[in-house]
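Enquirer: I'd like to ask some things about the structure below.
The values are calculated or read from the model by the stated rules, or taken from the named source; none is laboratory data. Values in this document were obtained by computation on a predicted structure and should not be read as measured data. All Cβ positions, glycine included, derive from the backbone under ideal geometry; neighbour counts span all protein chains shown. Ligands, DNA and RNA are stripped out before the accessible areas are found, and what is left, the full protein with its side chains, is counted by its heavy atoms. Shrake-Rupley method; radii C 1.70, N 1.55, O 1.52, S 1.80 Å.
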Amino acid sequence: MPVAKIDRDDIHYSCSGQGEPVVMLLPHSSGPMGTEAFVDRLAEHFMVIRYDPLGAGRSSPAPTADAVTMRARAKEVLAVLDAAGIARARLCCHSTGCGIGLAVVSAVPERVDGLVLMSPWTHADGHLLVMQRLRIAVARALCPQDYERFNAALLFPPDYRRVHEPAFDRLAEAAAQQDAQQIENRLNAILSFDARPILASVACPALVVTAADDQLM
């Protein structure tokens, strides 16, 4: 697995497929079905770049809370593009990844060919503030299994959870101990990011996707 560098920290990334490059900016929570089918289908038409952000997977730990802000995460994207020798790419963003993608566009618009924003947010309004602070409190209070179930109830609609109930149960039973401080840092980074000043300046082609039953973002 190739490695990009930010200062002394390692960011592990992978490339699959051929064609114009697409960087995947996906959240930690992928549900029982995962994202592999989605990524594999994209790789039939594009070069798909995935990476482990600092503090996740094989990459180095996030050195400070500031390292998980949207603008700091944007530097990770640029480090991966530079390491892979890619001048310009499309960004496929979901949830937290939307903030990262917009931060990349804000910093270096000349390096973004297109933008997909799935379940984005504009700013920390009252609803998002309450929900994310609740997630922080729950991460400190619940055991790993119940925290996994709580997140599933928040992130996935009831009908979907009913269809995939056994798979959700398996995820909960296999849940590792959550790092409450890391979760707080990550969610506070979402709350501190205001996309509104950036949105009007986005000049690349963009697709915004939302869901009628999204009760969080």
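Enquirer: Using only Cα atoms, locate the centre of segment 41-120 and the centre of segment 188-203, then give the distance between them in Å, rounded to an integer.
Expert: 15 Å
Enquirer: Farthest toward the dipole's positive end in segment 111-165, which of VAL163, MET118, ALA139, given Cβ charges of +1 (Lys, Arg) and -1 (Asp, Glu) about the Cα centre?
Expert: ALA139
Enquirer: Still on this structure: How big is the accessible area of PHE38 in square angstrom, nearest 10, if you roll a 1.4 angstrom probe over the protein chains?
Expert: Answer for PHE38: close to 90 Å² accessible.
Enquirer: Right, another one. Show that you can apply the helix-only estimate: for the chain, add -39,500 (n - 2.57) for every DSSP H stretch of four or more residues, divide by all residues, and state [θ] at 222 nm to the nearest 500.
Expert: Theoretical 222 nm ellipticity from helices: -13000 deg cm²/dmol.
Enquirer: What do you get for the angle between helix 126-141 and the principal long axis of the chain? Use alpha-carbon atoms, 0 to 90 degrees, nearest ten.
Expert: Helix 126-141 and the main axis of the chain meet at about 70 degrees.
Enquirer: May I pose another question? Would you mind checking segment 111-151 for residues with the amide N under 19 Å from a putative spin-label position 7 Å along Cα→C-beta of GLN182?
Expert: Counting backbone N atoms under 19 Å from the label point, the list is 135-151.
Enquirer: Between ALA37 and ARG133, what is the label-point separation in nm under the 7 Å Cα-to-beta-carbon projection?
Expert: 3.9 nm
Enquirer: State the antiparallel share, in %, of DSSP beta bridges confined to segment 6-136, rounding to the nearest 5.
Expert: Around 30 percent of the beta bridges assigned by DSSP in segment 6-136 are antiparallel ones.
Enquirer: In degrees, nearest 10, range 0 to 90: what is the angle between the Cα axis of helix 70-84 and the longest Cα principal axis of the chain?
Expert: 50 degrees
Enquirer: Per Stokes-Einstein, at 4 °C and 1.567 mPa s, what whole-number D in µm² s⁻¹ belongs to segment 140-217, with the Kirkwood radius over Cα pairs as the hydrodynamic radius?
Expert: Value of D from the Cα-based Kirkwood radius: 85 µm²/s.
Enquirer: In nm, to one decimal, how far is the ASP66 label point from the MET1 one, both placed 7 Å along Cα→Cβ?
Expert: 2.8 nm
Enquirer: Right, something else. Can you tell me which of 202-213, 94-105, 126-137, 63-74 comes out highest on packing, and rank the rest after it, using the mean Cβ neighbours within 10 Å?
Expert: 94-105, 63-74, 126-137, 202-213
Enquirer: So if I take the alpha carbon set of the chain, get Rg, then get Rh from the Kirkwood formula, what is the Rg over Rh ratio?
Expert: Using Cα coordinates only, the ratio equals 0.95.
Enquirer: Another one. Once all Cα-Cα distances of segment 92-132 are split into 10 Å bins that start at 0, what whole-number percent is in each one?
Expert: So the P(r) values, bin by bin, are 29, 47, 19, 5.
Enquirer: Are there any trypsin sites (Lys or Arg not before Pro) in segment 74-120 that are in a DSSP loop and have at most 16 other Cβ atoms within 10 Å? List them by number.
Expert: Those that pass, being in a loop and sparsely packed, are ARG88.
Enquirer: Now, a different point. Ignoring ligands, DNA and RNA, what percent of the 1.4 Å accessible area of the chain is carbon and sulfur?
Expert: Answer for the chain is 53 percent, counting heavy atoms of protein chains only.
Enquirer: When the chain is modelled as a GNM with alpha-carbon springs shorter than 10 Å, which of ASP125, ASP52, ASP113 fluctuates the most?
Expert: Checking each option, the largest mean-square fluctuation is seen for ASP125.
Enquirer: Taking the Cα centre of the chain as the origin and placing charges on Cβ (Lys, Arg +1; Asp, Glu -1), which of GLY34, SER201, ALA74 is farthest toward the positive end of the dipole?
Expert: Checked the options; the winner is SER201.
Enquirer: Taking 7 Å along the Cα-to-C-beta vector as the label spot, tell me the ARG140-LEU191 distance in nanometres, rounded to one decimal.
Expert: 1.1 nm
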